[in-house]
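Heads up, the thing below is written out as structure tokens.
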Amino acid sequence: VRYLDWVLPGIMAINIMHSSLFGVGHAIVRYRKNGVLKRLKATPVNAFEFLAAQVFSRLGMIMLAVILQFISMNWLFDFLIQGSLSLLLGIALLGSMTLISLGLLMASRTGSEELAGGLLNLISWPMILLSGVWFSLEGAPVILQKLALAFPLTHLLQAARAVMLEGAVANDILPSLVTLGGMTLLFLTIAAWRFKWVED
């Protein structure tokens with residue numbers, strides 16, 4: 001396995017992470033500052049429904065970008081794909097939903113785009129460094145490996161690499177899929193609970 005084959009899922013995951021976190025986070029803050037959320041508050045829509053709609057509305061654009069990037073990079077580098085492309089697409093979908101939900105959580109009460117940007121950077125940099133994007137964590141201290149499991153990007157990468165490099169099937173990566181699904185629900189629930197429609 002070339003290093004390119006190993007690192008490519010990490011590069012794709014970073015693109016998903018940045019599009020998910022910063023795309024939705026800044027948008028929610030702008031909606032709040034411009035009074036859009038204040039008007040929506042007068043409708044029957046509750047916070048959880050609004051946030052869930054944000055997840056699905058942004059998912060299509062992110063997946064379109066990811067698919068185009070995947071096709072173009074595969075054409076350029078002819079990287080290794082041992083497993084199912086449909087399973088890879090499912091992993092990308094679930095990982096994107098989790099990361100969008102995390103972005104919504106970070107922006108659920110934030111009143112300024114500067115603060116939102118700081119919070120999103122605060123959560124994205126540890127994920128980039130500790131989720132195994134550029135290097136394997138197999139030789140890292142156990143406490144660092146356990147800390148990495150707290151990040152959704154880690155589970156997204158583990159599942160994607162298992163499918164691409166080892167030909168894993170859904171049952172093989174079920175723990176990662178369940179974790180991503182649980183994180184999505186947890187992030188959305190907390191974001192809806194602490195969601196603020198208007199600025200203080």
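The values are calculated or read from the model by the stated rules, or taken from the named source; none is laboratory data. Note that the coordinates shown come from a computational prediction; the quantities given were computed from them, not determined experimentally. Using ideal geometry, Cβ is built from the backbone for each residue, glycine included, and neighbour counts are taken over all protein chains shown. Side chains are part of the model used for accessible areas, which takes the heavy atoms of the whole protein and leaves out ligands, DNA and RNA. Shrake-Rupley method; radii C 1.70, N 1.55, O 1.52, S 1.80 Å.
Side notes on the structure shown:
- Computed over Cα pairs, the Kirkwood radius of the range 66-185 leads via Stokes-Einstein (1.567 mPa s, 4 °C) to a diffusion coefficient of 83 µm² per second.
- Spatially, the range 1-33 and the range 47-82 are offset by 10 Å when compared through their Cα centroids.
- Share of pairwise Cα separations in the range 1-56, more than 16 Å, in percent: 58 percent
- Among the lysines of the chain, pairs that are 8 or more positions apart or on different chains and have alpha carbons within less than 24 Å of each other number 4.
- Of Met97, Met12, the residue with the largest accessible area leads and the full order is Met97, Met12 (1.4 Å probe).
- Solvent-accessible area per residue, Å², over the chain with all protein chains present [probe radius 1.4 Å]: 50 Å²
- Span-like helix check, the chain: qualifying full DSSP H segments, with Cα axial length of 30 Å or more and mean Kyte-Doolittle of -0.5 or more, are 3-34, 47-77, 85-106.
- Within the range 145-177, backbone nitrogen closer than 13 Å to the virtual label 7 Å beyond the Cα of Leu129 toward Cβ: 148
- Per-residue SASA entry for Arg30, accessible area with 1.4 Å probe, Å² rounded to 10: 110 Å²
- Our summary gives the chain a relative contact order of 39 percent, counting only alpha carbon pairs under 8 angstrom and 6 or more residues apart.
- Heavy-atom accessible area order for Leu130, Leu76, largest first, 1.4 Å probe: Leu76, Leu130
- Ellipticity estimate at 222 nm from DSSP helix runs (n ≥ 4, -39,500 (n - 2.57)) divided over the chain, nearest 500: -25500 deg cm²/dmol
- Read-out log10 I(q)/I(0) by the Debye sum over Cα atoms at q = 0.14 Å⁻¹, derived from the coordinates shown; its label in (1) -1.06; (2) -0.80; (3) -1.14: (2)
- With at most 14 neighbouring Cβ atoms within 10 Å, loop GluC sites (Glu not before Pro) (DSSP) excluded, longest segment of the chain: 1-137
- To put it simply, the accessible area of the range 59-200 at a 1.4 Å probe is 70 percent carbon and sulfur.
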